[in-house]
Ligand SMILES: Cc1ncc(C[n+]2csc(CCOP(=O)(O)OP(=O)(O)O)c2C)c(N)n1
Ligand SMILES: Cc1ncc(C[n+]2csc(CCOP(=O)(O)OP(=O)(O)O)c2C)c(N)n1
Ligand SMILES: [Mg+2]
Ligand SMILES: [Mg+2]
């Protein structure tokens, strides 16, 4: 099952939006942090985990999802959020810690919540799993449509909560898909130094569910595998485990010196950058002309600019707002 | 690899000792609890989890272990403790909450610790796993002999800590064996209602280690499989996962009405009681005469009687002892 | 006033009845946990529900607390109102992230756009030799961390009303019930916990303490089991001509500091009784809440009777030595010097 | 007395040096945790150790805190002395059982026959907009539960000596270091934390508070980052003619109540500063420890400045509003009425 031309254009648009958004964030993140880099300074303080390089996973999966479907994301959530349709202006404002942010500045970059598109995050490794399985259970119990997808990193698969949630999802046959973004690193620890099997998709056998590994950080292959998994979930046939071979082009967070990477690894990754690859393929396949692709890129850039401007122009929260929204109103 | 006659006699002796010990405990447990059953009353208060029926697992595994090897046990530890060589008098005294108990009455039946034979317990499901893997790591790092065995129930396999520890053990290739006692129930929840695969041994694939299921609660088959696993560990070839089909003849704890059991299940279990079966086989195989088997039984009974007498005759701790041994002396 | 034909229930029955009534009217309520279906809960609080509501809504789980509490969070965020059981509070260590980092914080992290209406019920307390991993209270541990309401009933009336209030609350509520008050046949029970419970559904306000005995000479503040010990001590003190006021906190979060302060302003003396560990817990918070507010009302230094800072021992003599009891409260009053 | 050619170290360097020196003399010491090898620890406290000791003894782990902390318990019981890192204290919820039910209790459960000599080091604190799952202190959470010693250095001298003492202790020690004191290049740091550290190995006693500034008018009690805020406040108060005494708790378990009580007996006034959540935490325990002992010494109701009971917000203006600081301490003193 291949994506239609419209879907390919959407996928490309989302990948470019995500990339440009993160490029903007990365630039602004350094404002106020020079000459002395202090994470606490500047318009965007705190840790910043970029997903550039991993965009194919988000778009390949989310191409199959509606607003009504549920996604739980990780500490590295921008690409997933954008592909899921999270409000970009309000997400940007949240990252800037503004009053107009999705959470009024309470959550920040690791806690992006957009109830309109059923998107949530957690900064604790693997802790999107349980909530996604629970949302899937909720749909099943209420006989409502919708699937839930939990994105996790390959490092998260060694966390106990991951295992528990996989078993629960399989046992209860809920409409759930677990998507592992295998970017080969958990901060500085290589997959081989953390994981006792080569492919986490093999771990699907421990739950009696289908498991598949997708190589090559390829949006088309991801699209296809995710399509099957989502369809299976929608049909009531239970969960699927997908592991996607991908990579992060940046450090674990901005400021990471990446001394743990083998020599040359990063250059090789940039050679394989999935965005120009997809552009070239779409043009070659006649899915869009170069001019159309340029237009998509320009529109994405404009969208990002508008979101950043919205965020910049928005007001700070009042300090005392910190004390509100602890409990439900 | 079959057990030698001496090993068979030892195995039978340990099974009988464990059974008779628990029969004594079960009887004494009810003292002071009639007519109104109150768990807090009598010479043995608190929860009491019996292992009768599961003795083959303990002896089949521990037949391969020395005092120097490490065992972590569960909330249902008596058979494992006895087979591992825990001091029976001091264990009985601990269960009676006496000053002479292994821990001076601080631990009780769910916290049996005997440093002389490297035996430890935890009442938290699956929490023997990490410490056993750590002990195995310690031996590997220090280049000292010894394997570590963690016993868990089949219900424990769905706990996150189990998964994490299996991965760790496999990754670091430590001398470790995980033995799952599959007694089909986790309190009132049947295995099929908790576990998304039929055989937990299949979960070994998730860690790239050998996994084997042993059917029939058969001490000989357990002996053989455990022998291979322990030898593998001693040879430095890493961990093994074993799941043993067994059953508990009693309730989850004394006082459990067992309303969840299907009609007739228990009677069928008693028909299959492994102790008379082993006796018959040993006699039939000419490993021991009926008289020799009687002698083993009588000796086991005497050992148990002595242990219970020791416990009964021992003094209570001083109340203020509660405040000591919080930190190392 | 005791009317002899009034229906008395145990806390276990009162909890089950509350859940039953709410499930009858609210299809989004369901129960999840270990051994809560066929077994009816180890402490009886879901007994009978499986028959009426079936295994989908009365849902036994694997021993996977992180996953099923996390799943409750996800279900709550998706429109359900799960009641989820952590069998013993002592097990919180295997799943506390799902509790304190997700359940408790997602309302805040989302700026209030995502609500997490769920109840986490869990058994507390010792006194029956279940040793150090099955006898703790951990009230202070839960109450210390923001974003979850925390309640602990001392009797069946409050138990039913608090459970109903908790299920209707749009915020997550931790509901801590003491094993020694449940009225289980196989476990000793404090008789005072089994009281009249109305048939119909009602709520008890979360965040409001109750003066369960009025007095003028000393304020005894406690919760759960300690309330009964406080009342017993008050009865003994009354024989000595001392008129003790007993405050049942009912709720730890929100903590009703006003009621405590008013009582101490009246009596001038404060004794806090807590079965949780002494240091960094409930007893200190109650004392600090009074003393930071006004020390001029105090006629004596406040006292606390709490579990010493040791793991809970198994042997009866040691455990009983450590537990709070009425005698210790009476003795503490005796030691209170006039300032 | 500052000698200009004395060597000053950051806390990060001091911790690493302590571990290095101990590993050189004790082959049973090893380090385990996430990103502690090639990366040298996110907060620098194991930097350089991999090169000297190799990947067996400086051991990166999977993201499996329950397993590797549990493994540390097993290794400690087997004769090793593991130093294990929980990268952020906020992650305790995924692994607290291994910490508080195994590490902390096995000495007791075994009647002292099994020792668990290990150090759990973990980073605490916020102030740099890392939001609600990466900025907590949770001092009270750890200190509330029995069986583990809990220390928190405020400067590099204590950091080295406490780490050495912790590694040599036969009991488990939780070592809580504040990110804002570590001296990391990429994170702001409190200058006062970087002090002279002797080359040679030495210990700082666990369980002993330090009077870091003597005074007569008010006692400011704190730990970690708050000590520096207390000192800054004391400097401001001195300009106003107020002479504040500052007590650095250094250790939460054991808690040195004598030093606190003696100080308050002298000054008559108490302000507790704590970056952990306000309720049911350190601030209440310090106040209760004083007031239950003797209220007659108090000239005013004690005050606490602690993190309000809300999850930690991301936005700078909100987070800074919530954090303790010197101005709040000075203001609190101003509000202290004479009793
Ligand atoms: C329970 C827990 N442990 C540790 C961390 C710290 N941490 C944040 S990201 C990360 C690495 C995650 O690796 P992976 O799952 O592969 O995701 P990636 O960062 O590669 O996207 C770690 C260890 C955490 N947030 N939560
Ligand atoms: C983390 C945790 N959750 C729940 C419990 C309560 N509990 C005690 S035994 C038990 C069932 C264990 O089943 P299994 O692992 O199969 O062991 P068995 O009792 O059958 O020997 C449960 C749920 C516990 N002790 N620890
Ligand atoms: Mg990764
Ligand atoms: Mg079982």
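Sketch the reach of a paramagnetic label on residue A:271 as a point 7 Å from Cα along Cα-to-Cβ, and name the residues of region A:226-259 whose backbone nitrogen lies under 18 Å away.
Answer for this model: A:246-250.
Where does each of B:218-229, B:267-278 land if you order them by average Cβ count within 10 Å, highest first? Present the calculation step by step, with values, prior to reporting the outcome.
Values: B:218-229: 21.6, B:267-278: 15.0.
Put in order of decreasing packing, that is B:218-229, B:267-278.
Between residue B:285 and residue A:198, how high is the FRET efficiency from 1/(1 + (r/R0)^6) when r is the Cβ-Cβ distance and R₀ = 45 Å? Nearest 0.05. Walk me through the numbers on the way to the answer.
Working: r = 46 Å, r/R0 = 1.01.
That pair, residue B:285 with residue A:198, gives E of 0.50.
Peptide B:187-194: average number of partner chain Cβ atoms within 10 Å per residue?
Details: counts 8, 9, 10, 2, 1, 1, 8, 9.
If you average over the peptide's residues, the count of other-chain Cβ atoms is 6.
Compute the label-point distances linking residue B:309 to its equivalents in the other copies; points lie 7 Å from Cα along Cα→Cβ; give nm, one decimal, shortest first.
Listed shortest first, these distances are 9.5 nm.
Which order do D:276, A:202 fall in if you start with the one that has the fewest other Cβ atoms within 10 Å? Could the numbers behind the result be given before it?
Numbers: D:276 31, A:202 17.
The most exposed by this proxy come first: A:202, D:276.
Between the helical axis of C:282-291 and the dominant principal axis of chain C, each derived from Cα atoms, what acute angle in degrees is found, rounded to the nearest 10?
Rounded to the nearest ten degrees, it is 50.
Put the label 7 Å from Cα along Cα→Cβ for residue C:208; what are its distances to the other copies, in nanometres, shortest first?
When each copy's label point is compared with this one, the spacings are 5.3 nm.
When only C-alpha pairs under 8 Å and at least 6 residues apart count, what is the relative contact order of region C:8-196, in percent?
Numbers: 394 pairs, mean separation 49.0, N = 189.
Once normalised by length, the contact order is 26 percent.
Helix C:326-335 versus the longest principal axis of chain C: what angle, 0 to 90°, nearest 10, using Cα atoms?
40 degrees
Just need the relative contact order of region B:17-310 here, percent rounded to a whole number, with Cα pairs under 8 Å and 6+ apart.
Details: 561 pairs, mean separation 60.8, N = 294.
Relative contact order here is 21 percent.
Using 0.36 nm per residue, how much length does the chain from residue A:257 to residue A:99 gain when fully extended, once their Cα-Cα distance is taken away?
Details: separation 158, 0.36 × 158 = 56.88 nm, distance 3.27 nm.
The residue A:257-residue A:99 span can extend by a further 53.6 nm.
Of A:29, D:202, how do they rank once you tally other Cβ atoms within 10 Å and put the fewest first? Before the final figure, lay out the partial values.
Numbers: A:29 24, D:202 14.
The order, fewest Cβ neighbours first, is D:202, A:29.
What residue among C:51, C:256, C:170 has the largest mean-square fluctuation in a Gaussian network model of chain C, using Cα springs under 10 Å?
C:51
Report the Cα centroid-to-centroid distance between region D:115-136 and region A:1-46 in angstrom, as an integer.
Between the Cα centre of region D:115-136 and that of region A:1-46, the gap is 29 Å.
Near the axis that takes chain B to chain A, which B residue has its beta carbon closest, and at how many Å?
It is B:160, 1, counting Cβ atoms only.
By counting other Cβ atoms within 10 Å of each Cβ, how are A:241, D:255 ranked from fewest to most?
On the way: A:241 27, D:255 21.
Arranged by neighbour count, lowest to highest, A:241, D:255 become D:255, A:241.
Nearest 10 degrees is fine. How inclined is helix D:65-77 to the longest principal axis of chain D, computing both from alpha carbons?
Taking Cα atoms only, the helix is inclined about 80 degrees.
Using Cα springs under 10 Å in a Gaussian network model of chain B, which residue among B:28, B:95, B:180 shows the largest mean-square fluctuation?
B:28
Ordered by packing density, taken as the mean number of other Cβ atoms within 10 Å over each peptide's residues, highest first, how do B:210-216, B:146-152 rank?
Details: B:210-216: 18.1, B:146-152: 28.4.
Ranked by mean Cβ neighbours within 10 Å, highest first: B:146-152, B:210-216.
Who wins for biggest fluctuation among C:269, C:316, C:57 in a Gaussian network model of chain C, springs between alpha carbons below 10 Å?
Looking only at C:269, C:316, C:57, the biggest GNM fluctuation is shown by C:316.
Please compute the modelled spin-label separation between residue C:26 and residue D:265, points set 7 Å along Cα→Cβ, answer in nm with one decimal.
Each label point lies 7 Å from its Cα, and together they span 5.4 nm.
Which distances, shortest first and in nm, link residue C:265 to the matching position in the other copies, using label points set 7 Å out along Cα to C-beta?
Listed shortest first, these distances are 3.3 nm.
Which distance in nm do the two modelled labels at residue D:236 and residue C:8 give, with both placed 7 Å along the Cα-to-Cβ direction?
The modelled label-to-label distance comes out at 6.0 nm.
Tell me whether the protein assembly as shown comes out rounded, prolate or oblate; compute the Cα gyration tensor, take square roots of the eigenvalues as a ≥ b ≥ c, and use a/c under 1.5 as the rounded threshold.
Working: a/c = 1.38, a/b = 1.07, b/c = 1.29.
Rounded, since a/c falls under 1.5.
If you count, for every residue in D:34-41, the Cβ atoms of partner chains within 10 Å of its Cβ, what is the mean?
On the way: counts 7, 6, 2, 4, 8, 9, 2, 0.
That average works out to 5.
Could you calculate the FRET efficiency of residue D:200 with residue B:2 from 1/(1 + (r/R0)^6), where r is the beta carbon distance between them and R0 is 60 Å, rounded to 0.05?
On the way: r = 61 Å, r/R0 = 1.01.
With R0 = 60 Å, the Cβ-Cβ based efficiency is 0.50.
Nearest 5 is fine: what % of DSSP beta bridges in chain B come out antiparallel, could you say? Can you show the working numbers first?
Numbers: 3 of 25 bridges.
Percent antiparallel among DSSP bridges in chain B is about 10.
Can you give the mean number of other chain Cβ atoms that lie within 10 Å of the Cβ atoms in peptide C:298-304? Could you put the intermediate results ahead of the total?
Details: counts 5, 1, 2, 8, 4, 1, 2.
The shielding value for this peptide is 3.
Assuming 1.567 mPa s and 4 °C, estimate D for region B:17-310 with Stokes-Einstein, Rh taken as the Kirkwood radius over Cα pairs, in µm²/s. Write out the running numbers ahead of the final one.
On the way: Rh = 19.5 Å.
The calculation lands on 67 µm²/s.
Counting pairs of alpha carbon atoms under 8 Å apart in space and at least six apart in sequence, what relative contact order in percent does region C:210-338 give? Before the final figure, lay out each step's value.
Values: 235 pairs, mean separation 35.6, N = 129.
Across region C:210-338, relative contact order equals 28 percent.
No value in this document is a laboratory result; all are computed from the given coordinates. As the structure is a computational prediction, the values presented were derived from the model and not from experiment. FYI the Cβ positions are ideal-geometry reconstructions off the backbone, even for glycines, and counts take in every protein chain you see.
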